[in-house]
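Novice: Here it is, the structure in full.
The values are calculated or read from the model by the stated rules, or taken from the named source; none is laboratory data. What you see is a predicted model, and the numbers here were worked out from it, not measured in a lab. Note that each Cβ is placed from the backbone with ideal geometry, even for glycine, and that neighbours are counted across all protein chains shown.
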Amino acid sequence: MENKVTPRTLSGFMELLPSEQLKFDRIRRIMERVFESYGFFPLDTPVLEASEVLLAKAGGETEKQVYRFKKGDTDMTMRFDQTVPLAKYVAKNAGELTFPFKRYQIGKVYRGERAQKGRFREFYQCDIDIIGDGKLEIANDAEMPVVIYDVLTALGLEDFTFRISNRKVLGGFFSLMQAGERAGDIMRTVDKLEKIGAQKVAEELATLGLDADTCAQIIAFVGMRGTNDEVFAFLAQYLGKDSLFDSGYAELKRVIDLLGAYGIPAKNYCVDLSIARGLDYYTGTVYETTFDKHPEIGSICSGGRYDNLAGFYTSRQLPGVGMAIGLTRLFYVLSHMDPADPNGYLNGGTEPPCDLLVLPLTEQADQVAKIAALFRCAGVRTQVYYENAKFKNKMGYADKLQIPFVLFLGDDELSAGMVKIKNMETGEQLTDTPEKLLPLLRAHADAVANRKPINTEKTRP
């Protein structure tokens, strides 16, 4: 007897059942609509890139996490984010693009980090970026969280906070501590503050050659907490002592002021100097976003300013700013946020694959196809059940998939130019012409299409 291979999915890779995939895709469509409402173009870049291109400015923790391999003489790496491929794309096509170039991309990325709850090795990332030609106004840095705010609230979420910092502020302060040449290493270390705690951060800083007093001052600086006004008052004491610090302070203040001007509620954003971002290409504004009631989940959205990334591919100055949502992670978190509710924040029950199931009770397949096409062309998702099964089994199919309407089509109905439709929720049955029943089905289809995937109603202030 032939041995069978046990089907399995690798750790860190997510597969969804059909009903869950429909929920996932609805979230994705909501994101796309919001991105496009701000004028972002869709973009798709290759999953595989030449290693020399993708890792041009990786270093640090990034190179430890990438999937890299050779095929023949070609050294390839799977994209670990979508920002570096974007930088390559813009550098390669700069002569054909109109700047500022605004793009969004929703695609899979790959990181060989330890798989754990809510963290995957293969996951969908949803990116928005704005690229300038020569310069990019700081106001664009403020627009990023505004767009993400609209995405999250469109999903029905409200208890989240944008934590915002600026790497120039951090780098300037480290220079004042006589540690500017090690700024990159220090930022990667302090970025771990929430994960490993102040004591271990101090120990790691010490390995960089910093004395105990300097380590303590750095930890105290990035650990500063208070209202935004209090944090800026704290930072003001260092103004005029370092030009990089002064520049970062002005940028950070501008971003925070604009968020208020955009009408983002004050509870949804704050200055947090511990946010440094581990990726080396960020140069100014940096963001991380967390759920207020579930800080243990970590960041659900992050990004920042990168003025020099494209410099590895072109002499043309192409500064950019962007944010990314880990869609796979967000979906997992929303599905498991409330352990008392097996459906989490997502709508419970099965997501139906269609609005209408046609059950032919006739051999006139051409007529069945015509009627199904009529409903489908009118925007009603329509499926025809062609299988030769017992009537009970056909109805059981509709019931199991929670298809809201079933259409019975027999010879008598066809002769009379009528169809019979049953509402599977109420049991009500209607017999009429297809044209007269269309408004009912279309109204239901529109309601489904506009339904949010989260059990919360929310409007923007």
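Novice: Would you mention how many residues in region 37-59 are part of a helix (DSSP H, G or I), surrounded by fewer than 13 Cβ atoms within 10 Å (Cβ to Cβ) and out of contact with any helix residue (DSSP H, G or I) (no Cβ under 8 Å at 6 or more places or on another chain)?
Specialist: 1
Novice: Further question on the same structure: I'd like to know if region 197-205 contains one or more residues that are modelled with pLDDT under 85 and touching a Gly at 6+ places or on another chain (Cβ under 8 Å).
Specialist: Among the residues of region 197-205, at least one is modelled with pLDDT under 85 and touching a Gly at 6+ places or on another chain (Cβ under 8 Å), which makes the answer yes.
Novice: Is at least one residue of region 92-100 in a strand (DSSP E or B) and within 19 Å of A310 (Cα to Cα)?
Specialist: Among the residues of region 92-100, not one is in a strand (DSSP E or B) and within 19 Å of A310 (Cα to Cα), which makes the answer no.
Novice: Could you please let me know if E20 is over 28 Å from A142 (Cα atoms), in contact (Cβ under 8 Å) with a residue 60 or more places away in the chain and either of a type outside the set (S, T, N, Q) or not in a loop (DSSP other than H, G, I, E, B) (or both)?
Specialist: yes
Novice: Of the conditions (1) in a strand (DSSP E or B); (2) touching a helix residue (DSSP H, G or I) at 6+ places or on another chain (Cβ under 8 Å), E113 satisfies every one except a single condition; which number is it?
Specialist: Only one criterion is unmet by E113, namely (1).
Novice: Sticking with this one: Starting from residues that are under 11 Å from R167 (Cα atoms) and aliphatic (A, V, I, L, M), keep the ones in region 260-303 and report whichever is surrounded by the fewest Cβ atoms within 10 Å (Cβ to Cβ).
Specialist: L273
Novice: Exactly one condition in (1) touching a Pro at 6+ places or on another chain (Cβ under 8 Å); (2) in a strand (DSSP E or B) is false for I30; which is it?
Specialist: The single condition I30 does not satisfy is (2).
Novice: Also: I need the strands (runs of 3 or more DSSP E) fully contained in region 363-461, keeping only those with at least 1 residues that are over 30 Å from R33 (Cβ atoms) and of a type in the set (F, W, Y).
Specialist: The qualifying strands (runs of 3 or more DSSP E) are 405-410.
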